[in-house]
Each structure stands twice: as structure tokens, then as C-alpha cells.
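Data first, discussion second: the structure below is written as C-alpha cells.
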Amino acid sequence: STLLLLNGPNLGTLGRRQPEIYGTTTLDEIAGQVAAEVADRGWTVESVQLDGEGELVRAVQDRYDTVGAIVNPGALMIHGWSLRDALAAYPRPWIEVHLSNVWARESFRHESVLSALAAGVIVGLGAPGYRLAARALLDLVPVPDS
Ligand code: DQA
């Protein structure tokens, strides 16, 4: 079973991107932390980071067989309508994560076209927010009968 960790534009530079806002943890480190969180369930993590909305849409379309997803859409939260449509068709639970507390920032960040479709949203807790999302997905995805 594979958990999709999907990060949108500008999140490939985590660690050196405005560390005062986004912290110093890299995306590879986050992927490792998420993987550690779900290892006991036997899940592996596929970490996908793409800067283009079309590429993200395709990434979601190609991964309907994953168990669930953690999605940080970056600025596509604001107007990413085609990413929203892709996630609306994604048949598994997914959680939206933002490292920074978008509510404490510029007003253009106070809107997400994705949040209403997410199982839940984690905002402002930095890199550990991804681990918390992984924990929540463990609860949201039923354990198959053995
Ligand atoms: C972000 C918040 C967005 O507003 C911003 O455009 C990002 C990162 C976050 O993780 O805090 O790229 O999604």
C-alpha cells in the first residue's frame, strides 16, 4: 500500500525557502518522517513534488490506487480549480496541509478552493503537520480484514 505525499509549487525548496516562515526541514526529511509514521501499517510513501498545476493534476489521476494522500498545494490553494477537480475525483481520503499559519498571513491566503473536499486541514504547525496528517490517515483508512 502506498500513501501519496503531494506537494505543489515552490515546496521543492523547503529548507532554504524563507526558513523564517517555512522552517529548515527539507521535503526529503518530511517524506522520511511521514514514512516512519506509517511504516507499522506496512505503507510506503511516494513523495511527489511538482511546480505545475497540470503536472499535479496528472499525478493525482495516475494514483487512484494509493491508500490516501497528504496534499500541500502551495499557492494553488487560492485558485487551483483543476487541481480541485482532480482531487474531487480522487477516490481516497486526503488531508490538506500548510506549514505556515495562513490565517495569520496576507488576506489572499485566507481562502482555499480545496479545503471543503479534504477530510481535514492542518495549518500552521510546520513540518510536524505532515506527520500529524499521516497519523490521521491511519485512522481514516480501514485496516483490511486479514
Ligand atoms: C503554504 C502556504 C501557501 O499560502 C503558500 O503559497 C505556500 C506554502 C504553506 O505550506 O504554508 O506555497 O502552502
For the stretch 23-49, pairs from a residue that is closer than 18 Å to Thr66 by Cα and modelled with pLDDT of 95 or more to a residue that is among the β-branched types (Val, Ile, Thr) and assigned to a helix (DSSP H, G or I), with Cβ under 6 Å and 6 or more apart or across chains, are Val45/Val34
If we keep only residues of the stretch 58-73 that are β-branched (Val, Ile, Thr) and under 13 Å from the mean Cα position of the chain (by Cα), then the residue farthest from Ser107 (Cα to Cα) is Val60
Per the filter on the stretch 106-146, residues under 18 Å from Ala75 (Cα atoms), modelled with pLDDT of 95 or more and basic (Lys, Arg) are none
For the stretch 6-30 the number of residues that are closer than 23 Å to Leu137 by Cβ, away from the ligand (no atom under 13 Å from the Cβ) and not in a helix (DSSP H, G or I) is 1
Counting only residues in the stretch 58-73 that are out of contact with any Lys or Arg (no Cβ under 8 Å at 6 or more places or on another chain) and in a strand (DSSP E or B), the one farthest from the ligand (Cβ to nearest atom) is identified as Ile70
Of Ser146, Ser107, Ser47, the only residue that is more than 16 Å from the ligand (Cβ to nearest atom) and of a type in the set (S, T, N, Q) is Ser146
By residue number, the members of the stretch 53-83 that are more than 12 Å from Ser115 (Cα to Cα) and small (Gly, Ala, Ser) are Gly54, Ala59, Gly68, Ala69, Gly74, Ala75, Ser82
Scanning the stretch 31-57 residue by residue, those closer than 26 Å to Phe108 by Cα and not in a loop (DSSP other than H, G, I, E, B) turn out to be Val48, Gln49, Glu53, Gly54, Glu55, Leu56, Val57
Of those in the stretch 90-146 that are part of a strand (DSSP E or B) and not charged (D, E, K, R), the residue surrounded by the fewest Cβ atoms within 10 Å (Cβ to Cβ) is Gly120
Of those in the stretch 74-88 that are over 12 Å from the mean Cα position of the chain (by Cα), away from the ligand (no atom under 12 Å from the Cβ) and closer than 17 Å to Leu5 by Cα, the residue surrounded by the fewest Cβ atoms within 10 Å (Cβ to Cβ) is Ala88
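The values are calculated or read from the model by the stated rules, or taken from the named source; none is laboratory data. For clarity, every value in this text was computed on a predicted model and none was experimentally measured. Don't worry about glycine lacking a Cβ; one is built from the backbone with ideal geometry, like all the others, and counts go over all protein chains shown.
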